[in-house]
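Shown next, in structure tokens, is the structure this report addresses.
Read the figures in this text as sums done on the coordinates, not as results from a lab. It should be emphasised that the depicted structure is a prediction, and the values quoted were computed from it without experimental measurement. When we count neighbours, we look across all protein chains shown, and the Cβ atoms used for this are built from the backbone with ideal geometry, even at glycine.
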Amino acid sequence: MSSNKETKIDSPGTALLASIESNEVVGIASDVVEVGLDSLLDEGVLRDLPIFGWLAGLSKTFGSVRDALFARKVVHFLNQLPSLTEEQRLQTLAKLKANDKPERIGQTIISFLERSENENKPGIFGRLWCALARNEISETEFWTLCNVVDRCPPNCLREFSEFLTAEDERHTNQSFGYICVTAGFGDFQPRVNGLSFHCDDRLAKKLSSIIRQELSDS
């Protein structure tokens, strides 16, 4: 049973949430990103998802480089969701909507995707969403870890994942530590030679694992 009606679609943010609710998201294949987005929209493969219907309605076609790049980021994000059950998808959205407005939730995700400098970050955001849906992380932890990824330089993702699980690195690499602290994850504590970064080991390992999985699959 489709659940698109649960979210009123009046913006890109709400269109993204309605796409997550939709059972059509299960039909996204990993090779979609290798095919021309215009042809997929014409054939209805993506047009059935509200976010792409919204974008197509605005621009009629993905004619600009910016439109095409953003659409690919959305695909990379949504491509992680077919592993979830319908119940997991709907319960996650219901939980988020209970604490915030749908428009603001969707627009925050849209902003993360727009600022992504490569296609790995949207995949990581999608994997974090799945971790939230499986109750592996809390709602607050989800937003915090998304903020961490948002701030991390894209060419440093692998090194950053190693930093998260290497205690020695946490004591010496203050650059990565500042990325985490400014995102609200962890803090600096004084030590003999300066400052040492400390954070929740469980969350650090979870984020590190998600980053490595994304880089391995890309």
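Based on the reciprocal of the average 1/r between different C-alpha atoms, the Kirkwood radius for the range 146-187 equals 10.2 Å.
When each of GLU139, GLU214, GLU24 is scored by the number of other beta-carbon atoms lying within 10 Å, the sequence from fewest to most is GLU139, GLU24, GLU214.
Fewest neighbouring Cβ atoms within 10 Å first, the residues CYS156, CYS199, CYS180 line up as CYS156, CYS199, CYS180.
Legend: distances between Cα atoms for LYS101/LYS206; LYS8/LYS121; LYS121/LYS206; pairs beyond 19 Å are LYS101/LYS206; LYS8/LYS121.
Dimensions of the range 82-139 based on its C-alpha atoms, expressed as ranges along the principal axes with the largest first, amount to 31, 25, 18 Å.
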